[in-house]
Amino acid sequence: MLQFTNLFCSRSLLLIAACLQIVLSGNAHAVDVSFSWSPNPEPVDGYRIHYKTGTSGPPYNGTGATEGSSPVDIGDVTSFTLHGLAEEETYYFSLTAYIGSVESGYAQEVVLYPAGPGGVDTAIVDNDGDGFTEAWGDCDDEDARIHPNAEEICWDGTDNNCNGLTDEDCNVSCPDADGDGYRDPSCGGSDCNDDDRTIRPGAVEICDNIDNNCDGRIDENRICTSEFWSLMMPVILNAAEAAQAGRTGVSTTNLQAAPD
């Protein structure tokens, strides 16, 4: 199912979750296209379906539907079917809502490609909701992080931007040593400790006297600066050092601060 999303409207018009269903008609040379969408949160006077062939984007000046040229004013309904579209054409659709003379912006455009043998081509469906279908170049339509406009991430072994290359433009002489997706600053990266994958930009800051999230600050969380934690920190660090040195009889559980 194709989806209309991201309608930005005037006078608080907000159109949501419009979905496109495709139904082939009995005529071997025509297609009926059925649309359905959730009602606008604010009452509206109606909706208009816009369509065209050729290239994407406005103006939507299509012709040929039984219901008339674009836009087709369908009134205050939440489903509608356009009839008689040419089976061999690629169609571009969008939707608007209106109150009086005030009309919303266009919904995100959706595309109907000519059907392959046996029915509608599944490549027209955006399964992961990232705005790209297989027909639009999405090389993994089950992962919204992977699409033609995505940023290529170094050393993850994935073609993130669907250009047919993996980890392109990554400095092979300066890999991501700890495999956390961030390189050492000496290579232009932002990982302040490229030998520890738990330390990287975006990591959770832990009260351990280490800059875990590489923001240049240490233990900036409010709890880390409390009086209780300042008493606990030396005890925990000593216990950790003892455990690392292989000493016995030291436990880091049930530690209590010494009384004043």
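A compact table of results
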{"quantity": "Pick from segment 76-92, criterion part of a strand (DSSP E or B) and hydrophobic (A, V, I, L, M, F, W, C), ranking: nearest to GLU103 (Cα to Cα)", "calculated": "PHE80"}
{"quantity": "So ARG222, is it surrounded by fewer than 16 Cβ atoms within 10 Å (Cβ to Cβ), among the charged types (D, E, K, R) and at pLDDT below 80", "calculated": "yes"}
{"quantity": "Those residues of segment 87-120 which are polar (S, T, N, Q), modelled with pLDDT under 90 and farther than 16 Å from PHE35 by Cβ, in sequence order", "calculated": "THR90"}
{"quantity": "Total residues in segment 56-72, condition in contact with a Phe, Trp or Tyr (Cβ under 8 Å, 6 or more places away or on another chain) and closer than 15 Å to TYR106 by Cβ", "calculated": "8"}
{"quantity": "Answer residue from segment 96-108, given it is surrounded by fewer than 19 Cβ atoms within 10 Å (Cβ to Cβ) and over 14 Å from ASP76 (Cα atoms) and is nearest to the chain's Cα centre (by Cα) among those", "calculated": "GLN108"}
{"quantity": "Hey, ALA86 crowded, with 20+ Cβ neighbours inside 10 Å, more than 31 Å from the chain's Cα centre (by Cα) and closer than 18 Å to TYR113 by Cβ or not", "calculated": "no"}
{"quantity": "Test: GLU42 is modelled with pLDDT of 95 or more, of a type in the set (D, E, K, R) and in a loop (DSSP other than H, G, I, E, B)", "calculated": "no"}
{"quantity": "Whichever residue in segment 53-75 is of a type in the set (Ser, Thr, Tyr) and assigned to a loop (DSSP other than H, G, I, E, B) and, among such residues, is farthest from TRP136 (Cα to Cα)", "calculated": "THR66"}
{"quantity": "Criterion violated by SER36 - all others in (1) part of a strand (DSSP E or B); (2) under 26 Å from the mean Cα position of the chain (by Cα); (3) surrounded by 17 or more Cβ atoms within 10 Å (Cβ to Cβ) satisfied", "calculated": "(3)"}
{"quantity": "Matching residues in segment 67-80 - criterion: being surrounded by fewer than 17 Cβ atoms within 10 Å (Cβ to Cβ) and closer than 19 Å to THR53 by Cα", "calculated": "GLU67, GLY68, SER69, ASP73"}
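The rows are residues; the columns are (1) surrounded by fewer than 17 Cβ atoms within 10 Å (Cβ to Cβ); (2) without any contact (Cβ under 8 Å) to a residue 40 or more places away in the chain.
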| position | (1), (2) |
| --- | --- |
| TYR47 | no, no |
| THR55 | yes, yes |
| ASN61 | yes, yes |
| ALA65 | no, yes |
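The values are calculated or read from the model by the stated rules, or taken from the named source; none is laboratory data. Worth saying up front: this structure is predicted, and the values here are computed from it rather than measured. With ideal geometry, Cβ positions are generated from the backbone for all residues, glycine too; neighbour counts draw on all protein chains shown.
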